[in-house]
Each structure stands twice: as structure tokens, then as C-alpha cells.
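Structure record follows, encoded as C-alpha cells.
The values are calculated or read from the model by the stated rules, or taken from the named source; none is laboratory data. Because the structure is predicted, anything quoted here is derived from the model rather than measured. Quick reminder, even Gly has a Cβ in these numbers, built from the backbone with ideal geometry, and neighbours come from all protein chains shown. For accessibility, only protein heavy atoms count, side chains too; no ligands or nucleic acids. Shrake-Rupley method; radii C 1.70, N 1.55, O 1.52, S 1.80 Å.
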Amino acid sequence: ENGEFPVSRIFDAKDDGSATAAESETETAANQYLERIFIILMGTNNLGGGMLPEPTIRGMDAVGRTILQKLRDRNASQPAAILFSELLPRRDDFRARKMCPPRCKNEKTLEPFSSFMPAIEKVNRALPGVLDGWRRDYPESKIVLLSSKEVENGIDDSKSHDMKTIFCGSEMFAMERQEEFDLHMPDHLHPNAKGYDLWARC
């Protein structure tokens, strides 16, 4: 439907009494077995626009909670499923340097940041705690973090019913070789078709 992910319409849907009895019955039946699934990546442009990690994290938390609350208000008996992605690695370092001033590593000497990665890593380190808060407050929903890390300490819960994290590693562009990174993200910020294909394998 014009490229729109259909479930996005639930935010605009209103019960104005115009639905027929048959339509209402069909929707009720569908809601008994359909699960709303959201795949979310946000925060990249916040950091790229000069926002610091802390307000970026707060914004991500607020948006996630808004989605979960709207789904609860819409139909409390139908859980949401959220696949929430860590920020992707980016190597467009020249943009980080151009942000100074006003966003500088050292405001007195006007030393610029050399990379976005320290800010990205700070945001990503906070996300497990953010999502744990969502799980606590919205226990009816399934919430999973998509991580660029490799499996930690040999423990992989991705096949568990209580899965909290999917570890993607290089399938989420955590690549050491610059040539390999360039193949999937040639502008060092946006995945190309090969990049999206790789990411979809995770």
C-alpha cells in the first residue's frame, strides 16, 4: 500500500461508528491471532544533528513508551512485538568534525570530535536498561533488542522464549575491514541494497 507499513495506521484509526457489524467482527477475529510488529531504528539523526547522547536516549525512551502505550490503549489484549535496533555504526567522520562549533570535544580549544562512534556506543550501552524498563511497564508486549555485538560470553538467548537480545555482529555492520564496510555502506552512513540484504539475515 504505497510502501506504507500497514500497522502504522493504528495510530490514526478511530472508531467513529462507521464500521459495519461484519467489518467489526472481522477485525475482532483478526485481533485474536495477529500481533503488531514494529521494527524501530532511531537516534542516528539526533546525534548527527548535534544532540548529545543523554537527551537522545531520553527521546528514544519516550518514543518507545508512546508506541507501547498507544498499542495498549488500542487493544490491551493484543500484545505488541518490538524489534528495537541499536544505532548502526557510522564512519562519516567529516560530519562530526564539521559540527564544531558548537559541539566540540574541547570547547575552549575548539577541538572537534573525530568520530560519532563514542556517542553511538554510549547510546547503545544504555539501550538494554531502557528496554528492561519497557518490559517492566508493558509486560504484555514482546520487546527484543537487535545488537551489533557478537554473542557475549558464549550465551545466546535468541532461541529462547524469553529472548531479550539478538546478536548480529557483522550482519549489523560491525566490520573491521574498511573495504567490507564500504561495500555495504558506501557513504559511511546509509546501507545500500547489499547492506539491507545483509542486515535482514540477522
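Can you report the number of residues in the stretch 59-98 which are in a loop (DSSP other than H, G, I, E, B) and at pLDDT 90 or above?
7
Name the residue that is most open to solvent (accessible area, probe 1.4 Å), counting only residues in the stretch 52-84 that are touching a helix residue (DSSP H, G or I) at 6+ places or on another chain (Cβ under 8 Å) and under 16 Å from GLU121 (Cα atoms).
Residue satisfying both the conditions and the ranking: LEU52.
Where the second residue is open to solvent by 50 Å² or more (accessible area, probe 1.4 Å) and at pLDDT 50 or above and the first is at positive phi and assigned to a loop (DSSP other than H, G, I, E, B) and lies in the stretch 26-46, which pairs have Cβ atoms under 9 Å and are six or more apart or on separate chains?
GLY43/MET51
Taking LEU127 as the residue in question, decide whether it is within 15 Å of the chain's Cα centre (by Cα), under 22 Å from ASN192 (Cα atoms), open to solvent by less than 20 Å² (accessible area, probe 1.4 Å) and not polar (S, T, N, Q).
no
In this structure, does VAL123 turn out to be modelled with pLDDT of 95 or more, in contact with a helix residue (DSSP H, G or I) (Cβ under 9 Å, 6 or more places away or on another chain) and either under 26 Å from LEU189 (Cβ atoms) or assigned to a strand (DSSP E or B) (or both)?
Yes.
Any residue at all in the stretch 88-111 that's open to solvent by 50 Å² or more (accessible area, probe 1.4 Å) and in contact with a Lys or Arg (Cβ under 8 Å, 6 or more places away or on another chain)?
yes
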